[in-house]
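The structure appears below as structure tokens.
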Amino acid sequence: MEKNKKGTVKSVFKSPYMFLVPALLFYTFFWLLPVSLSLIESFTSIDGGFSLENFKMMFDDPLFGEAFRNTLIFAVISLFLQFIFALMFALLINRNFKGSKWFLFIMLIPMAIPPSAVGILWNTGLVESGWINSLLSVTGLQNLIELLGIAEGPIIWKEASGLQAVFMIILIDTWTVLPSVMIILLAGLQNFNEEYSEAARIFGANRFQALKDIVIPIIKPTIITALLLRIISGLQVWLISVMIFGFNNVPFLLERIVFYTDQVRLGVYSYKLSVTYSVFVVAVVSITAYIFIKLTKGKDWSGTSE
Amino acid sequence: MNSAGKKTLFYLAITFIAFAVIIPMMYLINISISSAIEVNDFPKRVLPVLSHDLSIEWDDESSYYIISRKSFSGEYEELTYSSKFDKIETYLITYLNISKTEEEIEEDFIVARNTGDIIYLNYNKDIFNNFGKFFKVFDGASAALVNSIQAAAITILLSMSIGGSIGYALARTKIKGKDAISLGSLVVRMFPAVSISVPMAVLLVKFGMYDTMLGLAIIYSIPNIGLTAWITRSIFMSVNPEFEEASLVFGASKIQTFKKITFPLVLPAFAASSMYAFITAWNDTAVSLLLTNNNETLALLIYKSMGGSASIHYAASGAILLILPALAFTFLLKNYINKMWG
Amino acid sequence: MAYLELAALKKVYGKDIEAVKSFNLKVDKEEFIVFLGPSGCGKSTIMRMIAGLESVTEGNILLEGESIIDYQPKDRGISMIFQSYAVWPHMTVYDNVAYALKLRKISKEQIDKTVKEVAKISDIYQYLNRYPNNLSGGQRQRVAVARAIAIKPKLFLMDEPLSNLDAKLRVSMRTDLKRIHQELKTTSIFVTHDQSEALSLADRIVVMNHGYIEQIGTPNEIYHDSESMFVAKFIGSPPSNFLTVKVKEREDKIFVIHSDFELEVKNKYKKALKNKYINKEIILAVRPENFTINKKGILKVKCNIIEPQGSHVVINIFVGGEEIKVVSNILTLKTNEEIDLGFSEKIAFFDIETEKRIR
């Protein structure tokens, strides 16, 4: 037998855990290090001692409250809207009607548009002589709007503020990310054994009852995955807001980070502030994700056997 | 309601939903090929406008040509007047995206002078004009394009090598802690890239990687490695080890087996995860905004191009350039997205 | 009046893919009907049309004299067992069985009573609180049965319910299904491609091929009196042997001539052969067990391959270049042993063109 000392050294290198070493190094240097750095930075004062003054500074940011509120409202409402619509469209496409392939193809287009291009797209629409007002005018809806007294003359979308602006951003975001939610739900539906809902319909359920009692509970794991990913990225909204309304007008938590890092050059203070915001966002995301998982977790029926 | 009626209603709804996606895109495309004059048109046209209807009138008194354009309402509105064909040439290309030579214009216009009638012309637009202009108007657009490709390539390299080896290990070896790894990749995703980027800027300056594409690619790889691991794992699992064993039994070496059997089988999936990595890098704006100074990516340049509405048609054509590769890759990936969540 | 009547039922997919071509069947109350045929023969399509899961292109379905084709599946009064069982994974066994009853707005006590009752019949009483993923295939199958009988259906549909079970379980489940049918006497339609399931369960079998009915009959009729070559070939294991022979008439006697043997036809088919088939080629069909061995046979052959099956042996023999299979209970036969082969009375003839029985 040749398995001597050399053999043991060799066996370390042959260990399957070696495959994980690059990842371990990568995440230590480029993830753990910056994350702990920002944690330390956010809890220390400029002279280096432990302090909560950064958080105090963040809470004192006049736009903090609005940014926090907007972020939560955005995340919750867009999640709800996107789930309902994505499920509806996924069910439609899953019916395999004539032309459903084309419909799916078209529905997936927005998903492929990079966020900054989405910004441009909706900017060309929301300016006063943009395509949204063009569309309203061409279809005659503009007359209706004026008749109902909603607005006099063309609507100046970019002057929207507060919750109105948040809702506009929600709609734009829904337009953009609906396909990515839909495609996950669609995959769930396509893996779903049709006989489950057929059985329900035979045993007395109408289409809606079959959907509510059978289809949705069975594809629930897929739904939760889709929505969890959605809520995580929903809390990270900022780009559309900035591209349409500019900084400081419709604040979000991430918008604050970018604002203090990119726009304000207050040296160490703005750095501290954006790091603190970052830590705060991570906390919000983690807590929301945790609550979401807790809320959606039902009885475990997935079982252990095969 | 009868079934024919239901069917009609169903298809009406489908068409309406499809239009909600198509119409904004159509407008964007049309704006991206709009000329400087058209940008200020109202209402905007949804179908691409590929030519202009012009009327030319010779004013004998002041001896110049009056050039008018047919508007949305069908009436001709005066644009400019001039007697010099080189000036007219410049005007047409600058304001109407019509590229005609001096000689061609002269040949057409002279009829109006000779006959004294108003003549009507239909000039085709140069639809690529704005795309060319985009690179001229925005400083460093071509450099940004190169940067974007570079950042994407490095991201692919990093995610594939690091993520691919995790995927292989998860699928083919008996390592423990698979749950920990998948939980880890979820946790990593929960930290917004923007949040990581802020402290990362300091580190990258220290490492000498601030304002480099390598620095960006590192951030892009953070969420992507987990994803790649996931895809490659499922692919390595789907390749039956018996295929490889059969090759070994029939006399191939391990390296030959990998080259001739395993690699061709996993190649499509590797292509798929590469495209994912590409899209992550290509689409990003936030990270490059925070981690670069002079070396912008294309997406960042487009983001910054949101200036006055006068140049929005150039920004739109830039946006189209940005969309095209992302669109192509997303559709190539469509089938894998399904498989991934399956 | 028939209990269930399928009248000129037709199903066309797309423009011209005819899955079912004018299907007529009358089923009596309490009958157990089996649709038997290879995959793609349209048998499942018919069942799904009865269930309302598939639209009817043409024709009608009458249950107790009433057309049900415009009814929703839930309003047809039927229950069904699916190939995949379709036992809902997110509900306990109890809830699976109770779901249909809850939708019928039955009182809680009554539901509880019914669930427990059917759980006992289908032998799943001890699993009522488990989730299906913790049950074996056979146990899930029983849950599907319990769920189906709980609603006391007018019609009980089963779509290849046993095909996902292993061979041993399949046989015992088969017996259980028959026992349940004998107890509850629910009119049943059972779809399968497995002939032994069909033979053992059915009151009547409907043999189907390419959307057509090949034969309707009791298991005995189907097996011993096959109407077409398709049925003769599809039923029986090993299936019927076919030999091409020529009909000859000599001195008022009818013979069928094969290169290796001549056989005088004395039975009831003599007249039919004489009328239409003199000097023509026809198919002689013999079931493997309808040969005689070493009992004044008509040809000498060698046993080519012998496959012992325990109670009997299957012998492969070449007759004029065609391979036939013979079942015998002489267990001592040896490979290459020469035997004296003869035919019993139970032989059948088929027209070579139409592949239909000559009678």
Fill in the blank from the handout: Restricting the range A:262-272 to residues that are within 16 Å of A:Leu63 (Cα to Cα) and assigned to a helix (DSSP H, G or I), the one modelled with the lowest pLDDT turns out to be A:Gln263
Exercise for the section: Please indicate, with yes or no, whether at least one residue in the range A:249-261 is within 10 Å of chain B (Cβ to nearest Cβ), of a type in the set (Ser, Thr, Tyr), part of a helix (DSSP H, G or I) and over 18 Å from the mean Cα position of the chain (by Cα). Expected result: yes
Exercise for the section: Of the conditions (1) surrounded by 20 or more Cβ atoms within 10 Å (Cβ to Cβ); (2) of a type in the set (A, V, I, L, M, F, W, C); (3) within 14 Å of chain C (Cβ to nearest Cβ), A:Val177 clears all except one; give me its number. Expected result: (3)
Handout entry: The listed residue being of a type outside the set (A, V, I, L, M), out of contact with any Cys (no Cβ under 8 Å at 6 or more places or on another chain) and within 14 Å of chain C (Cβ to nearest Cβ), out of A:Trp301, A:Trp238
Key = A:Trp301
Practice task
Examine the range A:83-96 for a residue that is more than 14 Å from every other protein chain (Cβ to nearest Cβ) and either in contact (Cβ under 8 Å) with a residue 40 or more places away in the chain or under 28 Å from A:Phe208 (Cα atoms) (or both), and state whether such a residue exists.
Solution key: yes
Exercise for the section: Consider A:Phe192 carefully, then state whether it is more than 9 Å from every other protein chain (Cβ to nearest Cβ) and surrounded by 22 or more Cβ atoms within 10 Å (Cβ to Cβ). Expected result: no
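Per-residue answers, yes or no, for (1) in contact with a strand residue (DSSP E or B) (Cβ under 8 Å, 6 or more places away or on another chain); (2) more than 14 Å from chain C (Cβ to nearest Cβ); (3) surrounded by fewer than 21 Cβ atoms within 10 Å (Cβ to Cβ):
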position: A:Phe203; (1), (2), (3): yes, no, no
position: A:Phe208; (1), (2), (3): no, no, yes
position: A:Lys220; (1), (2), (3): no, no, yes
position: A:Ala226; (1), (2), (3): no, yes, no
position: A:Tyr290; (1), (2), (3): no, yes, yes
Problem - Selection status of B:Leu204, within 27 Å of A:Phe259 (Cβ to Cβ), surrounded by fewer than 19 Cβ atoms within 10 Å (Cβ to Cβ), touching a residue at least 24 places away in the same chain (Cβ under 8 Å) and of a type outside the set (D, E, K, R) - result: no
Exercise for the section: Test each condition in (1) outside any strand (DSSP E or B); (2) within 21 Å of C:Met229 (Cα to Cα) for C:Ile282 and report the one that comes out false. Expected result: (1)
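Okay, residues lined up against (1) hydroxyl-bearing (Ser, Thr, Tyr); (2) more than 13 Å from chain B (Cβ to nearest Cβ); (3) surrounded by 17 or more Cβ atoms within 10 Å (Cβ to Cβ):
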position: A:Pro62; (1), (2), (3): no, yes, no
position: A:Thr71; (1), (2), (3): yes, no, yes
position: A:Pro115; (1), (2), (3): no, no, yes
position: A:Thr124; (1), (2), (3): yes, no, yes
position: A:Trp131; (1), (2), (3): no, no, yes
position: A:Leu148; (1), (2), (3): no, yes, no
position: A:Glu152; (1), (2), (3): no, yes, no
position: A:Ser161; (1), (2), (3): yes, yes, no
Exercise for the section: Please specify each residue of the range C:1-26 satisfying the condition of being surrounded by 22 or more Cβ atoms within 10 Å (Cβ to Cβ) and within 14 Å of C:Ile78 (Cβ to Cβ). Expected result: C:Leu4, C:Leu6
Practice task
Tell me which residues, restricted to the range B:196-210, are assigned to a helix (DSSP H, G or I) and hydrophobic (A, V, I, L, M, F, W, C).
Solution key: B:Ile196, B:Val198, B:Met200, B:Ala201, B:Val202, B:Leu203, B:Leu204, B:Val205, B:Phe207
Exercise for the section: Just give me the residues in the range C:7-16 being more than 18 Å from C:Gly37 (Cα to Cα) and in a strand (DSSP E or B), in sequence order. Expected result: C:Ala7, C:Ala8, C:Val12, C:Tyr13
Practice task
Tell me, yes or no, whether the range C:85-103 has at least one residue that is among the basic types (Lys, Arg) and either crowded, with 17+ Cβ neighbours inside 10 Å or in contact (Cβ under 8 Å) with a residue 12 or more places away in the chain (or both).
Solution key: no
Handout entry: Condition met for C:Asn134 (modelled with pLDDT of 90 or more, out of contact with any Lys or Arg (no Cβ under 6 Å at 6 or more places or on another chain), farther than 15 Å from C:Met80 by Cβ and in the same structural domain as C:Ala100 (by TED's automatic domain parsing))
Key = yes
Exercise for the section: Please report, ordered by residue number, the helices (runs of 4 or more DSSP H) entirely within the range A:156-211 with at least 3 residues that are at pLDDT 90 or above and under 30 Å from C:Ile78 (Cβ atoms). Expected result: A:194-202, A:207-210
Completion exercise
Counting only strands (runs of 3 or more DSSP E) entirely within the range C:171-254, those with at least 1 residues that are crowded, with 19+ Cβ neighbours inside 10 Å and in contact with a Pro (Cβ under 8 Å, 6 or more places away or on another chain) are C:188-192, C:204-209, C:241-250
Exercise for the section: Would you point out the residue of the range C:105-129, among those that are under 34 Å from the mean Cα position of the chain (by Cα) and within 14 Å of another protein chain (Cβ to nearest Cβ), that is nearest to A:Ile218 (Cα to Cα)? Expected result: C:Tyr127
Handout entry: Meets criteria (farther than 29 Å from B:Ala36 by Cβ, in contact (Cβ under 8 Å) with a residue 24 or more places away in the chain, exposed (fewer than 13 other Cβ atoms within 10 Å of the Cβ) and of a type outside the set (Ser, Thr, Tyr)) for B:Asn224
Key = no
Exercise for the section: Select, from B:Ala299, B:Ala277, B:Ala229, the only residue that is of a type outside the set (Phe, Trp, Tyr), at pLDDT 85 or above and either surrounded by fewer than 18 Cβ atoms within 10 Å (Cβ to Cβ) or under 30 Å from B:Ile127 (Cα atoms) (or both). Expected result: B:Ala299
Fill in the blank from the handout: Of those in the range B:83-105 that are farther than 19 Å from B:Ala36 by Cα and surrounded by 15 or more Cβ atoms within 10 Å (Cβ to Cβ), the residue farthest from the chain's Cα centre (by Cα) is B:Phe85
Problem - Residue under evaluation B:Ser51, criteria (1) surrounded by fewer than 17 Cβ atoms within 10 Å (Cβ to Cβ); (2) more than 36 Å from the chain's Cα centre (by Cα); (3) at pLDDT 90 or above, criterion not met - result: (2)
Practice task
Residues being closer than 14 Å to B:Lys304 by Cα and assigned to a loop (DSSP other than H, G, I, E, B): count how many of those fall in the range A:234-248.
Solution key: 2
Completion exercise
How many residues of the range A:73-113 are crowded, with 17+ Cβ neighbours inside 10 Å and more than 21 Å from A:Thr296 (Cβ to Cβ)? The answer is 14
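Yes or no, residue by residue, for (1) part of a loop (DSSP other than H, G, I, E, B); (2) away from chain A (no Cβ under 14 Å):
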site: C:Gly59; (1), (2): no, yes
site: C:Ile69; (1), (2): yes, yes
site: C:Ser79; (1), (2): no, no
site: C:Val87; (1), (2): yes, no
site: C:Met91; (1), (2): yes, no
site: C:Asp95; (1), (2): no, no
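The values are calculated or read from the model by the stated rules, or taken from the named source; none is laboratory data. Everything numeric here is computed off the predicted structure, so don't read it as measured data. Here Cβ is always computed from backbone atoms with ideal geometry, including for glycine, and neighbour counts include all displayed protein chains.
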